[in-house]
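Novice: Provided herewith is a single structure, encoded as structure tokens, for subsequent inquiry.
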Amino acid sequence: MENEVKDWLEKVKEAKQGEIDLSRDEDLSIALMNLISLEEHFYFTAMKTNNQKYLEMLNSVRELRKKLLGKIVKNPQGEEWCISKHLLAASMRLVEVGTKELSRGSVKEANMYFTYAFNLYSLFFAINMKMMEIKNLEDGFEKQENKNGLLNKFSAIIKKIVDCCKE
């Protein structure tokens, strides 16, 4: 796995200036997570209140989310667009569940959810940085707990190359 991390770090270093801006994409991915969450909240509020204005707001937020997702998800193959959206949505929800567990004092449980969230978030970047092909995911989820599993490998790489604090 160490060699894989080194290979991908080299690839990032060799990228043309502006071709890969992970700090921008990381910030944008977090914004996308929140836009997806807003879509969900507008939907549920519309259903609870029977107020169609919330569906109009949902549609406006959805259009913005689609536009911004296109800044990261370029030339999607097959279902990569939807996969990317759902990876971000699942990651965001798992962070929220982990945060709730943390506030209850369940640190071990919270860390489990945070790890799952980060693994999915890393998979989002692995797909959109073309670090792997979707067909190579077959055993990724089955080995989730295994330190040598595919998701854990991507997480290790993403930890090294994504830094939101770079200006």
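Novice: Which whole-Hz couplings ³J(HN,Hα) result when phi for each residue of segment 28-41 is put into the Karplus expression 6.51 cos²θ - 1.76 cosθ + 1.60, θ = phi - 60°, listed in order with x for Gly and Pro?
Specialist: 5, 5, 5, 4, 4, 4, 5, 5, 4, 5, 4, 4, 4, 5
Novice: Could you calculate the contour length gain from SER103 to ASP27, that is, 0.36 nm times the residue separation minus the distance between their Cα atoms, to one decimal place in nm?
Specialist: Details: separation 76, 0.36 × 76 = 27.36 nm, distance 2.50 nm.
In short, 24.9 nm is gained.
Novice: By count of other Cβ within 10 Å, fewest leading, how are ARG65, ARG24, ARG93, ARG104 ordered?
Specialist: On the way: ARG65 20, ARG24 14, ARG93 17, ARG104 10.
Starting with the residue having the fewest Cβ neighbours, the order is ARG104, ARG24, ARG93, ARG65.
Novice: Here's another thing I want to ask about it. Could you check the simple spin-label distance between GLU56 and GLU79, using points 7 Å along Cα→Cβ, in nm with one decimal?
Specialist: Output for this residue pair reads 3.5 nm.
Novice: For a footprinting-style exposure proxy, rank MET129, MET57 by other Cβ within 10 Å, fewest first.
Specialist: On the way: MET129 21, MET57 18.
Fewest-to-most Cβ neighbours within 10 Å comes out as MET57, MET129.
Novice: How large is ³J(HN,Hα), in whole Hz, for each residue of segment 80-94 in order, when computed from phi with the Karplus curve 6.51 cos²θ - 1.76 cosθ + 1.60 and θ = phi - 60°, using x for Gly and Pro?
Specialist: 4, 4, 5, 4, 4, 4, 6, 4, 5, 5, 5, 4, 4, 5, 5
Novice: Within a 10 angstrom radius of the beta carbon, how do PHE44, PHE118, PHE124 rank from fewest other beta carbons to most? Kindly include the intermediate steps, with their values, before the conclusion.
Specialist: Values: PHE44 12, PHE118 20, PHE124 26.
The order, fewest Cβ neighbours first, is PHE44, PHE118, PHE124.
Novice: In the structure shown, do any of LYS71/LYS130; LYS85/LYS130; LYS48/LYS71 have a Cα-Cα gap over 22 Å, and if so which?
Specialist: Too far apart for the 22 Å limit: LYS48/LYS71.
Quick note: the coordinates plus some simple rules give every number you see, no bench work behind them. This is a predicted model, so every value here is computed, not measured. Don't worry about glycine lacking a Cβ; one is built from the backbone with ideal geometry, like all the others, and counts go over all protein chains shown.
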